[in-house]
1. Given the options 116, 15, 148, which has the most mean-square fluctuation in a GNM of the chain, springs set between C-alpha atoms less than 10 angstrom apart?
2. Over region 48-169, what is the relative contact order in whole percent, taking alpha-carbon pairs under 8 Å and six or more residues apart?
3. For the chain, compute Rh as the Kirkwood radius over C-alpha pairs and then the Stokes-Einstein diffusion coefficient at 25 °C and 0.890 mPa s; write the answer in µm²/s, rounded to an integer.
4. Can you tell me the Rg and the Dmax, both Å, for the Cα atoms in region 49-107?
5. Beta carbons within 10 angstrom, averaged per residue: use that to sort the peptides 56-68, 20-32, highest first.
6. Where does the chain land at 222 nm, in deg cm²/dmol rounded to the nearest 500, when only DSSP H runs of n ≥ 4 count, each adding -39500 (n - 2.57), divided by all residues?
7. On the Cα set of region 101-169, report Rg and Dmax in Å, please.
8. Counting DSSP beta bridges in the chain, what percent are antiparallel, to the nearest 5?
């Protein structure tokens with residue numbers, strides 16, 4: 001199945017000059033969404049993964065069914081002010097500004113095997129921030145899974161030493 005063909009380009013979103021890769025056109029196709037989760041799960045099936053860490057917000061869409069498929073827990077990483085208990089934070093840069101991500105301080109136990117999931121690998125800023133949060137809590141990041149990778153932004157360079165896997169590259 002051609003997953004790349006189901007991802008729509010939206011020019012000048014969220015700001016002028018950005019070509020946004022919109023996964024909602026893939027998500028509305030039930031077979032394509034199922035195939036996306038199957039391919040991600042197959043890549044990690046059999047590996048010890050205690051927690052799937054999903055990055056807000058589109059990472060939740062893929063992280064929840066992936067955690068279910070792998071029999072793992074699900075840990076959300078959110079923007080400030082969205083998590084109700086004590087958190088740790090990290091600020092990072094993205095292709096059109098900066099942002100902050102947070103995780104509950106009790107989300108990961110030392111030694112747990114962590115798979116980080118997001119819809120898109122662009123500059124690698126949010127993925128790198130997720131790695132930092134997971135490792136600060138003692139987690140061992142065993143992989144990073146993405147549906148889309150924008151190779152021209154070289155985000156994979158920030159993830160050297162980690163197993164980064166993407167289904168579709170542009």
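Derivation of every value follows stated rules applied to the coordinates shown; laboratory data play no part. Here the structure is a predicted model, which is why all the values come from computation and not from measurement. For neighbour counting, all protein chains shown are included, and Cβ atoms are generated from backbone atoms with ideal geometry for every residue, glycine included.
1. 15
2. Over region 48-169, the number comes to 24 percent.
3. After rounding, the answer is 152 µm²/s.
4. 12.2, 36
5. 56-68, 20-32
6. So the helix-based figure for the chain works out to -8000 deg cm²/dmol.
7. 11.8, 36
8. 35
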